[in-house]
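So the structure is just underneath, and the comments pick up after that.
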Amino acid sequence: MKKLLLSLFGACLMATMAQAQVMTVSTTANNYHKLISDDSGELAYNADFAGDTLKAMYVYVKSSGRRGSVTLQPKMMHTYDYDGQGILTSRTTYYWVNDGWVPTRRLDYTLQPDSYSIEYSCWNVYRARFDAPTDRMTYSLVADDQVNYVSCYHRSRGRQPYQLEFQVEVRELPLYMDEFVTQIAE
């Protein structure tokens, strides 16, 4: 549970990077380009773009073979949906299982005049659809486009009311937040 909330917190903080308060076409593309700028790790990345719009990001595990060859094994895929104004509305994560992509979770993003919310849903294998969200993270937006506070909510079942888990005031992000959020996202 704490790992999930930390991941949602990381996703929420990622949205505040580079002076952006909401995830947009440009912030998802910029995050992808920052991610691929260092290819020294054990993961490799690829993406599908429609113009400047990131539609899907693929994550591969690198393995070294004989004679210096590198093999890429699919690990996960993220797909992105945006509204007509280029604001991210959902990110769905799939894992590679037995030669195919299997959905696992979805983050749905909602922008209101004074807040931005992210809801977390899991894939229900038996019903072949996403269950109702069980976790929500909401952060307030104040007049000067700064985050005021982040509130995390949870519910045991999809239709029960959310219960406040914790609330954090956000004043400013540390300089190393880019690296911290990238580690959470993996």
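The values are calculated or read from the model by the stated rules, or taken from the named source; none is laboratory data. Quantities reported herein were computed from a predicted structural model and do not represent experimental measurements. Cβ: placed from backbone, ideal geometry, glycine included. Neighbour counts: every protein chain shown. Side chains included, ligands, DNA and RNA excluded: accessible areas come from the protein's heavy atoms. Shrake-Rupley method; radii C 1.70, N 1.55, O 1.52, S 1.80 Å.
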Next on the checklist: I want to confirm something. Restricting to region 64-80 and keeping residues that are open to solvent by 40 Å² or more (accessible area, probe 1.4 Å) and under 18 Å from Val97 (Cα atoms), which single residue is farthest from the chain's Cα centre (by Cα)?
Outcome noted: Thr71
Next on the checklist: Regarding region 23-44, can at least one residue be identified that is surrounded by 13 or more Cβ atoms within 10 Å (Cβ to Cβ), at pLDDT below 90 and either over 19 Å from Val168 (Cβ atoms) or of a type in the set (A, V, I, L, M) (or both)?
Outcome noted: yes
Item to check | Hits in region 97-129 - residues which are over 29 Å from Gln73 (Cα atoms) and not acidic (Asp, Glu) | outcome: Tyr109, Thr110, Leu111, Gln112, Pro113, Ser115, Tyr116, Ser117, Ile118
Item to check | Tyr109 crowded, with 17+ Cβ neighbours inside 10 Å, in a strand (DSSP E or B) and in contact (Cβ under 8 Å) with a residue 60 or more places away in the chain | outcome: yes
Next on the checklist: Please list, ordered by residue number, the strands (runs of 3 or more DSSP E) wholly in region 126-171 having 1 or more residues that are open to solvent by 40 Å² or more (accessible area, probe 1.4 Å) and either modelled with pLDDT under 85 or of a type in the set (S, T, N, Q) (or both).
Outcome noted: 147-154, 163-169
